[in-house]
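Reading through the structure tokens given below for one structure.
The values are calculated or read from the model by the stated rules, or taken from the named source; none is laboratory data. Treat the numbers as computed from the prediction; the structure is a model and nothing was measured. Neighbour counts are summed over all protein chains in view; Cβ atoms, including those assigned to glycine, are modelled from backbone coordinates with ideal geometry.
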């Protein structure tokens, strides 16, 4: 064979090798991107389709969650069903965002929804598309444009919300009604979980009713425990963990991929340009003004929207957890779902793994919620790692249904944190894979009402943040994760953020009168509104009258943004500023008292001029009291009975003229 032929062969082999190397690199890159994309749901999860046996009944469980509770309940129910019906039934638990209802829903036999309501009656981010689709379909059926298309589909809905909100469990209620309108059949009553009470108890009661109904139906297979079989061992979902040696050659990745900041799937790493204290040195509390620089992102916002920040656990907390569990903070890890994990396995309930490689320090800082109270299933899993028999038995009891009363006394009532539980049971040392897999929930972003307007600050988002520092019943001093981090470390730091758009908006016309009630940090969105009005006034627009009711404890201690507010009055941006300082006199003075006192001036604006009403702040007390003040105002203005006044206020709410941003 001559040299020319050898050269051709060598050339072909070399090109093929380079092509193969390129393919492998691209595949590795795609895998890494997929791993990053799955973190906390930042992109639609690339989950493989469940192998569905046509000879087995299938229970589909879909969740819409903002803080993780609906997801936890869904997985808890999935485990209950697997334990109860064994291999006779396939159970699929998934994020509703990964589900294709237009293709799948009409073909289902049984679908269970765990759906949280966010804000004042809105769907969670991951449920928004499904919610909009279903309501539109139901509207088409009601209007006669479409035949009911879900006959043969059975369903159950458990809604998660808080009774302090006017639109309590609105999402769960509307999904339940819409499914029925479209022809589906409820197998159990709608469940209404109240986070202002003990929502786990609400879910357990509803679950018991669901299971009783399923046992009597043909929608599931045969029970495996009906003859008194022993309870199955506690399932402990755990990641596989690869610990990398120093100099392994794989660079650490960022805890969050940097995106546009437009939504939860694409947080943007923003820089914090300003953090300054708003209270005076005489105050025994703290409130900070924060400015987040979003230059270079795809973020757009409007006054009244919300910003979410992914803050970190403090260095002290991270160190405590690592010492308790024997974790090396500098160790670098890669987490993965165990190979060969099948539907129904404990591993099938694992959330997408953390990005990797990352250090344990980074993982504990950004992803482990150790300052909230653990849930019972986490304590059950923790019990399997306790070397001390008494500690193991105690944790197992606390994590069981039989230990409900003990759990309430030890964890729920004193608000004992996961960190405190780990300190109380020092022999319980879970593996890294189990700790991040099923014991420590993911640390969630913190949402704040934006306190600026893009008309004045197009590349900066302002936050007005009360720094949380509370003495807990257990004796622990609880420091808010995000608020404390902002005050201590925020100035100049980088933080992943995204914007959530809200319906809490100014009317289209600048001439429309405004009545705004926002004590404390409830002032935040109204600061944005006033900046908006200032920009409108500067452009020559005519402004309608605007009343702002602001309250705090003391004029000398916590009257935040005083110069700004009084400047807006002087410039005509704000026509009336009503102040309530609750502790500057012997009797308490609150914003609702001033609303009632101004009834004579406010009623004509509401009745004849079409004023828009806004309330922002505490849902449990303030918002309720202000709501009552509005009813009394209408009652006095119209000279009508209380029920008639309530109907007027409800009409204002239904028409969008009465809006609330409460928590």
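Residue 106 passes every criterion in (1) over 24 Å from residue 194 (Cα atoms); (2) modelled with pLDDT of 95 or more; (3) touching a helix residue (DSSP H, G or I) at 6+ places or on another chain (Cβ under 7 Å) apart from (3).
Can you report the number of residues in region 369-386 which are out of contact with any strand residue (DSSP E or B) (no Cβ under 8 Å at 6 or more places or on another chain) and either under 28 Å from residue 316 (Cβ atoms) or surrounded by fewer than 19 Cβ atoms within 10 Å (Cβ to Cβ) (or both)? So that I can check it myself, show each step before the final result.
At the first step, the residues of region 369-386 found to be out of contact with any strand residue (DSSP E or B) (no Cβ under 8 Å at 6 or more places or on another chain) are 370, 372-381, 384.
Keeping just the survivors that are either under 28 Å from residue 316 (Cβ atoms) or surrounded by fewer than 19 Cβ atoms within 10 Å (Cβ to Cβ) (or both) gives 370, 372-379, 381, 384.
Residues flagged as out of contact with any strand residue (DSSP E or B) (no Cβ under 8 Å at 6 or more places or on another chain) and either under 28 Å from residue 316 (Cβ atoms) or surrounded by fewer than 19 Cβ atoms within 10 Å (Cβ to Cβ) (or both) within region 369-386 amount to 11.
In the set (1) touching a strand residue (DSSP E or B) at 6+ places or on another chain (Cβ under 9 Å); (2) under 20 Å from residue 653 (Cα atoms), residue 590 fails one condition alone, (2).
Residues considered: 496, 525. Of these, the only one that is touching a strand residue (DSSP E or B) at 6+ places or on another chain (Cβ under 7 Å), outside any loop (DSSP other than H, G, I, E, B) and assigned by TED's automatic domain parsing to the domain that holds residue 652 is 525. Quick check: is even one residue across region 110-122 surrounded by fewer than 20 Cβ atoms within 10 Å (Cβ to Cβ), under 16 Å from the mean Cα position of the chain (by Cα) and part of a loop (DSSP other than H, G, I, E, B)? Yes, there is a match, as at least one residue in region 110-122 is surrounded by fewer than 20 Cβ atoms within 10 Å (Cβ to Cβ), under 16 Å from the mean Cα position of the chain (by Cα) and part of a loop (DSSP other than H, G, I, E, B). Residues in region 483-493 that are within 18 Å of residue 294 (Cα to Cα) and crowded, with 20+ Cβ neighbours inside 10 Å: 486, 490.
This table checks each residue for (1) outside the structural domain of residue 265 (by TED's automatic domain parsing); (2) assigned to a loop (DSSP other than H, G, I, E, B); (3) out of contact with any strand residue (DSSP E or B) (no Cβ under 7 Å at 6 or more places or on another chain).
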| residue | (1), (2), (3) |
| --- | --- |
| 456 | no, yes, yes |
| 462 | no, no, no |
| 483 | no, no, no |
| 486 | no, no, no |
| 507 | yes, yes, no |
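If you go through region 449-474 one residue at a time, how many are crowded, with 24+ Cβ neighbours inside 10 Å and touching a helix residue (DSSP H, G or I) at 6+ places or on another chain (Cβ under 9 Å)? Steps first, answer last, please.
Step one: filter region 449-474 for residues crowded, with 24+ Cβ neighbours inside 10 Å, giving 449-453, 461, 463-465.
Next, only the ones that are touching a helix residue (DSSP H, G or I) at 6+ places or on another chain (Cβ under 9 Å) stay: 449-453, 463-465.
Counting residues in region 449-474 that are crowded, with 24+ Cβ neighbours inside 10 Å and touching a helix residue (DSSP H, G or I) at 6+ places or on another chain (Cβ under 9 Å) gives 8.
Looking at this structure, is residue 197 under 30 Å from residue 627 (Cβ atoms), assigned to a strand (DSSP E or B) and modelled with pLDDT under 95? Considered against the rule, which asks whether it is under 30 Å from residue 627 (Cβ atoms), assigned to a strand (DSSP E or B) and modelled with pLDDT under 95, residue 197 comes out as no.
Scanning region 169-194 for residues that are more than 14 Å from residue 114 (Cα to Cα) and assigned to a loop (DSSP other than H, G, I, E, B) yields a total of 4.
Give, as residue ranges, the strands (runs of 3 or more DSSP E) completely inside region 546-663 that count at least 3 residues that are touching a helix residue (DSSP H, G or I) at 6+ places or on another chain (Cβ under 9 Å) and at pLDDT below 95. It would help to see each step written out before you state the result.
Details: elements: 546-552, 576-581, 612-617, 658-662.
Result: 658-662.
Pairs meeting the criteria (first residue in region 137-149 and not assigned by TED's automatic domain parsing to the domain that holds residue 174, second residue modelled with pLDDT of 95 or more and exposed (fewer than 13 other Cβ atoms within 10 Å of the Cβ), beta carbons under 9 Å, at least 6 apart or on different chains) are lacking. The residues of region 314-328 that are in contact with a strand residue (DSSP E or B) (Cβ under 9 Å, 6 or more places away or on another chain) and assigned to a loop (DSSP other than H, G, I, E, B), listed by number, are 314, 328.
Quick one: which of 626, 634 is over 20 Å from residue 523 (Cα atoms) and crowded, with 18+ Cβ neighbours inside 10 Å?
Details: 626 fails: over 20 Å from residue 523 (Cα atoms).
Among 626, 634, only 634 is over 20 Å from residue 523 (Cα atoms) and crowded, with 18+ Cβ neighbours inside 10 Å.
When we screen 344, 340 for residues that are at positive phi, more than 27 Å from the chain's Cα centre (by Cα) and modelled with pLDDT under 90, the only hit is 340.
Condition (residue is over 30 Å from residue 408 (Cβ atoms) and outside the structural domain of residue 606 (by TED's automatic domain parsing)) applied to region 556-568: is it met by at least one residue? There is no residue in region 556-568 that is over 30 Å from residue 408 (Cβ atoms) and outside the structural domain of residue 606 (by TED's automatic domain parsing). Determine whether residue 420 is surrounded by fewer than 19 Cβ atoms within 10 Å (Cβ to Cβ), over 22 Å from the mean Cα position of the chain (by Cα) and part of a helix (DSSP H, G or I). Against the criterion (surrounded by fewer than 19 Cβ atoms within 10 Å (Cβ to Cβ), over 22 Å from the mean Cα position of the chain (by Cα) and part of a helix (DSSP H, G or I)), residue 420 does not qualify. Surrounded by fewer than 23 Cβ atoms within 10 Å (Cβ to Cβ), in contact with a helix residue (DSSP H, G or I) (Cβ under 7 Å, 6 or more places away or on another chain), modelled with pLDDT of 95 or more and within 22 Å of residue 264 (Cβ to Cβ) - does that describe any residue in region 135-145? Yes; the residues of region 135-145 include at least one that is surrounded by fewer than 23 Cβ atoms within 10 Å (Cβ to Cβ), in contact with a helix residue (DSSP H, G or I) (Cβ under 7 Å, 6 or more places away or on another chain), modelled with pLDDT of 95 or more and within 22 Å of residue 264 (Cβ to Cβ).
Between 283, 336, 295, which is touching a residue at least 12 places away in the same chain (Cβ under 8 Å), outside the structural domain of residue 119 (by TED's automatic domain parsing) and within 15 Å of residue 499 (Cα to Cα)? Break it down into steps so the answer makes sense when it comes.
Values: 283 fails: within 15 Å of residue 499 (Cα to Cα); 336 fails: within 15 Å of residue 499 (Cα to Cα).
Going through 283, 336, 295 in turn, just one is touching a residue at least 12 places away in the same chain (Cβ under 8 Å), outside the structural domain of residue 119 (by TED's automatic domain parsing) and within 15 Å of residue 499 (Cα to Cα): 295.
Would region 383-403 turn up any residue that is within 30 Å of residue 496 (Cα to Cα) and touching a residue at least 24 places away in the same chain (Cβ under 8 Å)? No, region 383-403 has no match at all.
Candidates are the residues of region 442-474 that are free of Cβ contacts under 8 Å to residues at least 24 places away in the same chain and over 27 Å from residue 72 (Cβ atoms); the one that is nearest to the chain's Cα centre (by Cα) is 471.
Results for (1) in contact (Cβ under 8 Å) with a residue 24 or more places away in the chain; (2) surrounded by fewer than 19 Cβ atoms within 10 Å (Cβ to Cβ), shown as yes or no for each residue.
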{"position": "242", "(1), (2)": "yes, yes"}
{"position": "245", "(1), (2)": "no, yes"}
{"position": "248", "(1), (2)": "yes, yes"}
{"position": "255", "(1), (2)": "yes, no"}
{"position": "258", "(1), (2)": "yes, yes"}
